[in-house]
Amino acid sequence: LQAIQLNSEDSKFYVPLGKVYESTGELDKALAQYKNAVVNGNPEGFNSIGRVYIQQSKFDLAETLLRAGLQRVKNDPQIEYQLHRNLGWALLAQNNYPEAEKELKQAIAIDDRITEEQIGGGMAYCFLADTFTEQEKISEAQPYPHQRSLFLYHGENHQIFGDENHQPSHQIPL
């Protein structure tokens with residue numbers, strides 16, 4: 001908080017503070033910090049707000065913010081991956097399977113180019129598995145042989161979402 005008070009124009013502090021609030025369940029405070037980051041054009045702020053809105057079942061709002069974040073992200077493959085992954089998740093929750101599939105495949109392509117470890121790096125595969133399952137296209141998992149067991153596990157035995165309305169049953173790691 002002190003860093004923000006000293007330099008309120010520097011958006012690099014808003015997202016980490018928002019993540020602290022989000023991790024303690026203080027979503028209103030988290031959203032306020034993420035919105036400050038968005039005002040300063042920070043793509044990670046767009047991603048973070050979108051993720052919270054998905055968890056709150058505000059899928060249309062999440063989609064809008066995630067698309068805006070994608071328009072602003074430059075030279076940051078991890079944030080670009082997260083934006084595509086979360087946009088795919090929001091579209092899946094809206095039953096827009098073709099668009100979800102497109103965004104999730106884009107996330108996976110970006111993830112394959114990221115060499116360092118990242119939190120939530122494999123989640124696009126899980127959401128894509130659900131997208132294929134919803135479209136009855138399980139055989140489409142074949143282009144991802146290294147993830148085959150993940151697709152089958154998620155496609156047949158586990159739902160990312162808690163009910164038939166695709167309400168999120170767990171959080172994506174911050």
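The values are calculated or read from the model by the stated rules, or taken from the named source; none is laboratory data. Remember, it's a predicted structure, so these values are computed and weren't measured experimentally. Note that each Cβ is placed from the backbone with ideal geometry, even for glycine, and that neighbours are counted across all protein chains shown. Areas reflect the complete protein model, heavy atoms only, side chains present, ligands, DNA and RNA absent. Shrake-Rupley method; radii C 1.70, N 1.55, O 1.52, S 1.80 Å.
Per residue, the range 1-124 exposes 48 Å² of accessible surface when a 1.4 Å probe is rolled over the protein heavy atoms with every protein chain present. Within the same chain, lysines fewer than 8 places from LYS102 are excluded, and of the rest, those with a Cα less than 23 Å from its Cα are LYS58, LYS74, LYS137. Computed from backbone phi, the HN-Hα couplings of the range 35-47 come to 5, 4, 5, 5, 4, 8, x, 6, x, 5, x, 4, 4 Hz, rounded to whole numbers (Karplus: 6.51 cos²θ - 1.76 cosθ + 1.60, θ = phi - 60°; Gly and Pro given as x). Electrostatic tally near MET123: other residues with Cβ closer than 12 Å to its Cβ, Lys and Arg +1, Asp and Glu -1, net 0. Note that the range 106-123 has calculated 3J(HN,Hα) couplings of 5, 4, 5, 4, 5, 4, 5, 8, 7, 8, 8, 5, 9, 5, x, x, x, 5 Hz, one per residue in order, obtained from phi through the Karplus relation 6.51 cos²θ - 1.76 cosθ + 1.60 (θ = phi - 60°); glycine and proline are x.
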